[in-house]
Amino acid sequence: MKTYRNYINGKPVASQGDEALEVINPSTGAVVSRVPESTDADLDAALDAAHAAQPAWAKRPAIERANLLRQISAKLRENVGPLARTIVEEQGKTVGLAEVEVNFTADYIDYMAEWARRIEGEIIPSDRPGESIFLFREPFGVVGGILPWNFPFFLVARKMAPALVCGNAIVLKPSEETPNNAFEFARLIAGTDLPPGLVNIVSGRGAGVGKALAGSNRIGLISFTGSVNTGSAIMAAAAKNITRVNLELGGKAPAIVLDDADLDLAVTAVKNSRIINSGQVCNCAERVYVHEKVAAEFTEKLAKAMAAARCGDPLADTGVDYGPMINKAGFDKVDGLVRRAVGEGAQVVTGGGRADVAAGGHYFQPTVLAGCRHDMEIIRHETFGPVAPVVAVSGLEEAVALANDSEYGLTSSVYTRNLNAAMHACRALRFGETYVNRENFEAIQGYHAGWRKSGIGGADGKHGLHEFLQTHVVYLQA
Ligand code: NAD
């Protein structure tokens, strides 16, 4: 069994406390590592290191910062296999998906490095003769990042890369479910020329070191990805210092399938949404509104496609389509939602409960529920599992109205061959993202930002980069 230490000031550092957390392989239930349950003193040490390193970092030309980021992405590409294995071992996704995650993370770092020469200010015309108004974009100083477990490796970079290229230092707290990959990431960073102290990683529980980081008066920004409830707790912790928050929260993405849609394309996209990472993806279709004329045909095709998906321990059998739920609580949540939906009148077309996998984890069958209604809990709450609930609707107007009637506003999708219907849906859907006739997967250069309870601010692209910068306006009378 491996033992990890915190990563502070460029090296592994033992916790100043005695407590440790066990990290479990969700596919088997076996303990894979022990990591620190970090204390306030550990967090202070990480913040000290970040504050010591950041001023000199911010003074360097951005292109030098970018070149050091590229050293990190090169290290990732040299280590795809072992990194993917670490991710699979503690998170339970397939090896193929973990490899995609590592390569995508390297691409993401390179993309953010490309911004180095484009972190531009503005010159604003003045009302006064002889005056110039300059708007500079500057780093916060030290920022905090708190990560979820579902794409844990990518999330390290989604916070770290824009933070660093903009001239910040960062203190990260990975999820207690998946800290190992963050420490392996750190081990590779230690082998680059990145000055120590710019990236620090402390592990521990959310209610402990997570809350302390969000409530620290030594950070200028807390960037968080995770659930709505935790986002709310983080805002509350940040409120006492008026710390800026950047929140990427949960979703309940609607997929709208109209009667003129390419049904095979829609079936494949929805099926992939529910199977990838065992359905534990914030942006993926979680509820399907299908035109009543094609609802029976769509549901039958979807059930056939879902039933063909095979789950199991991804390290023992690289041929599986998906792995276990992250933990028992995740399984129980999905199971409870399905049971209550059935109790409220939904029909199980395929699946419906625990998958028969002998590996020791908590596996859920690929499941399709027909006859769902918009008022059902399974249509209103994030499921985060391999379950596709289908609601039949009379047409686009009803579908859009039901889709919008949600506390969540992260992503949405629509399937139609009619350009007018597609444009109408895009204008009427009140979500941060809409995908038309394609799978739910955001681009590095886009902007991933939720409406309503799905978040504040966003990530990726130019706008995501700007989340890690604050403005300084100078009025120069000369
Ligand atoms: P979570 O909210 O349970 O935990 C996320 C992180 O917050 C963990 O590191 C946890 O330790 C920490 N935390 C918990 N309580 C805290 C507190 N009081 N103060 C500070 N930190 C605390 O989320 P999760 O289960 O790890 O991730 C799944 C959720 O993340 C889903 O809702 C999913 O939709 C969402 N998610 C959103 C996006 C996005 O881009 N919008 C991306 C991935 C995941």
Next item on the list: Filter the range 406-447 for residues that are charged (D, E, K, R) and touching a Lys or Arg at 6+ places or on another chain (Cβ under 9 Å) and give the result.
Entry: Glu407, Arg430
Check: What about Glu442, is it more than 26 Å from Thr243 (Cα to Cα), surrounded by 22 or more Cβ atoms within 10 Å (Cβ to Cβ) and within 16 Å of the ligand (Cβ to nearest atom)?
Finding: no
Checklist line | Flag for Ser203 being more than 15 Å from Phe468 (Cα to Cα), over 15 Å from the mean Cα position of the chain (by Cα) and either part of a loop (DSSP other than H, G, I, E, B) or away from the ligand (no atom under 15 Å from the Cβ) (or both) | finding: yes
Next item on the list: Mind telling me which of the residues Gly432, Gly458 ends up being touching a strand residue (DSSP E or B) at 6+ places or on another chain (Cβ under 6 Å), farther than 19 Å from Leu258 by Cα, assigned by TED's automatic domain parsing to the domain that holds Val257 and within 16 Å of the ligand (Cβ to nearest atom)?
Entry: Gly432
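Considering every residue within the range 187-197, establish whether at least one is within 25 Å of Ala30 (Cα to Cα), at pLDDT 95 or above and not small (Gly, Ala, Ser). Outline the logic, then answer.
Just the residues of the range 187-197 that are within 25 Å of Ala30 (Cα to Cα), to begin with: 187.
Add one more test, that the residue is at pLDDT 95 or above, and what stays is 187.
Okay, now just the ones that are also not small (Gly, Ala, Ser), so 187.
Yes, there is a match, as at least one residue in the range 187-197 is within 25 Å of Ala30 (Cα to Cα), at pLDDT 95 or above and not small (Gly, Ala, Ser).
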Check: in contact with a Pro (Cβ under 7 Å, 6 or more places away or on another chain) and either surrounded by fewer than 23 Cβ atoms within 10 Å (Cβ to Cβ) or free of Cβ contacts under 8 Å to residues at least 60 places away in the same chain (or both): does that describe Ser227?
Finding: no
Checklist line | Cβ-Cβ under 6 Å pairs, at least 6 apart or on other chains, the range 262-287 side within 16 Å of the ligand (Cβ to nearest atom), far side part of a helix (DSSP H, G or I) and of a type in the set (Gly, Ala, Ser) | finding: Cys284/Ser273; Ala285/Ser273
Next item on the list: Could you list all residues from the range 403-432 that are aliphatic (A, V, I, L, M) and touching a helix residue (DSSP H, G or I) at 6+ places or on another chain (Cβ under 8 Å)?
Entry: Val414, Ala421, Ala425, Ala428, Leu429
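Test of understanding: among Ala329, Ala305, Ala358, which residue is modelled with pLDDT under 95 and not hydroxyl-bearing (Ser, Thr, Tyr)? Before the answer, list the steps.
Details: Ala329 fails: modelled with pLDDT under 95; Ala305 fails: modelled with pLDDT under 95.
On inspection, the qualifying residue turns out to be Ala358.
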Check: Restricting the first residue to the range 342-361 and requiring it to be closer than 15 Å to Met325 by Cβ, which pairs with a second residue that is assigned to a loop (DSSP other than H, G, I, E, B) and charged (D, E, K, R) meet a Cβ separation below 6 Å and a spacing of at least six or different chains?
Finding: Ala359/Asp313
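Would you check if Leu419 is surrounded by fewer than 23 Cβ atoms within 10 Å (Cβ to Cβ) and either at pLDDT 95 or above or assigned by TED's automatic domain parsing to the domain that holds Thr105 (or both)?
The answer is yes for Leu419.
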Next item on the list: Please enumerate the residues belonging to the range 206-230 that are more than 19 Å from Val156 (Cβ to Cβ), near the ligand (Cβ under 7 Å from one of its atoms) and not β-branched (Val, Ile, Thr).
Entry: Ala207, Lys211, Asn229
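Quick check: anything in the range 162-179 surrounded by fewer than 23 Cβ atoms within 10 Å (Cβ to Cβ), closer than 19 Å to Pro36 by Cβ and assigned by TED's automatic domain parsing to the domain that holds Ala20?
The answer is yes; a qualifying residue exists.
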Check: All but one of (1) at negative phi; (2) touching a Ser or Thr at 6+ places or on another chain (Cβ under 7 Å); (3) buried (at least 21 other Cβ atoms within 10 Å of the Cβ) hold for Thr299; which doesn't?
Finding: (2)
Checklist line | strands (runs of 3 or more DSSP E) within the range 363-478 that include 1 or more residues farther than 26 Å from Ile170 by Cβ and more than 25 Å from the chain's Cα centre (by Cα) | finding: 367-370, 387-393, 469-477
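The values are calculated or read from the model by the stated rules, or taken from the named source; none is laboratory data. Keep in mind the model is a prediction, meaning the values are calculated, not measured. Cβ coordinates were reconstructed from backbone atoms using ideal geometry, including for glycine residues, and neighbour counts include every protein chain displayed.
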